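The values are calculated or read from the model by the stated rules, or taken from the named source; none is laboratory data. What you see is a predicted model; the values in this text were computed from it and never measured. Note that we place each Cβ from the backbone using ideal geometry, even for glycine, and neighbour counts take in every protein chain shown.
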Amino acid sequence: MSRQVRSAGVLASAIAAVAVVAFTGGGVSGQSAPRTPWGDPDLQGIWGVGYILTPLERPDKFAGREFLTDEEAAALEREQATNPGRNKRGSSGTVADVEGAYNDVFTGRGTRVVRTKRTSLIVEPSDGKIPPRTPEGEKRLAASRRVRDDEFGPGGKADDPEERTQDRCTGITLPVNFGSAGVSGGYVRIVQTKGLVTLYYEEGHHGGAYRTIPVDGSPHLPPHVRQWLGDARGRWEGDTLVVDTTNFTAKTNYQGSRENLHLIERFTRTAPDMVTYRVTIEDPSTFTKPWTIEVPYTRGDEKANKIYEAACHEGNYAMVSILAGARALEKEKKAGARTRSGSQ
């Protein structure tokens, strides 16, 4: 690694640290994080990650490096800006051409690196990679990938309508899949009252989601009560909201983790226009050790209350045809195999 690259990474870390210290009252500015009327740190507002191209895992070409240089970040963003994506249509009459009716606007393709210029969203382990999975975790991940495979079109496998998440609008997952098409820039609105924090997540056409988090010392729900987004309980540690989330369902699926998923989320106001979000993922049945994501949320334009409650109605009329079409394709494939083998 060159001395110049190492210096750029150290400088980026130092600038981020200075910004945090100055805002939280630990530096020369003496400016403290804002407070609600009842004295809690004020996280309220509309916050968004944006259409980011920073990957979850660190690319091998940036191995050993936490941060991009300014030049590298600019080059990556220029490359994305000149890439036509799905605006490049396929040949007339092809499936690719028909699918191209959903042009690049609909893809949610990332165009900018995160403002901290990290090389990956994963910050722990230090290599920026998801830790090795357990044998059971590998099996679950392989099964979920089969559902997502392009077996019968972009919706994936068509054996069971409930496995077609694009059509059945299952809503967000936790943690949010930052940088994916469905999360629409990862916008969230935070509203606080005394003893409660409520978050609304916007997620494109898939349907958004609400989370109401008690911050009053109340215990988790009993273990047998399971919820799609888990059971969240919050507490304040200085200026940071720490949210402990358990009790996910067996239908939960984050990187192969299901009902044993345990999240420890941290929301910290690190600048007037930024909330730093860190989430640690734990599941000994899926991962060999915990791992942590960091994402900077930037304050959105609140003049017109620009966040929308999404309502998803995909597949209401088409599901019968989707499943019937899949069965027809299976028959065609089977017939073609018989013809090639010479059987009747």
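Only one of the listed residues (ASP42, ASP97) is outside the structural domain of GLN192 (by TED's automatic domain parsing) and charged (D, E, K, R). That residue is ASP97. Scan region 208-220 and tell me whether some residue there is under 25 Å from ALA143 (Cβ atoms), surrounded by fewer than 20 Cβ atoms within 10 Å (Cβ to Cβ) and either of a type in the set (S, T, N, Q) or at pLDDT 95 or above (or both). Among the residues of region 208-220, not one is under 25 Å from ALA143 (Cβ atoms), surrounded by fewer than 20 Cβ atoms within 10 Å (Cβ to Cβ) and either of a type in the set (S, T, N, Q) or at pLDDT 95 or above (or both), which makes the answer no.
TRP236: under 22 Å from the mean Cα position of the chain (by Cα) and either in the same structural domain as TYR210 (by TED's automatic domain parsing) or of a type in the set (D, E, K, R) (or both), yes or no? Taking the combined requirement at face value, the residue does not satisfy it. Anything in region 285-309 that is surrounded by 13 or more Cβ atoms within 10 Å (Cβ to Cβ) and either under 27 Å from GLU259 (Cα atoms) or in contact with a Ser or Thr (Cβ under 8 Å, 6 or more places away or on another chain) (or both)? List them, or say none. If the condition is that a residue be surrounded by 13 or more Cβ atoms within 10 Å (Cβ to Cβ) and either under 27 Å from GLU259 (Cα atoms) or in contact with a Ser or Thr (Cβ under 8 Å, 6 or more places away or on another chain) (or both), then SER285, THR286, PHE287, PRO290, TRP291, THR292, ILE293, GLU294, VAL295, PRO296, TYR297 are the ones that fit.
A quick yes/no check of all residues on (1) outside any loop (DSSP other than H, G, I, E, B); (2) aliphatic (A, V, I, L, M):
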residue	(1), (2)
THR198	yes, no
LEU221	no, yes
THR276	yes, no
ILE281	yes, yes
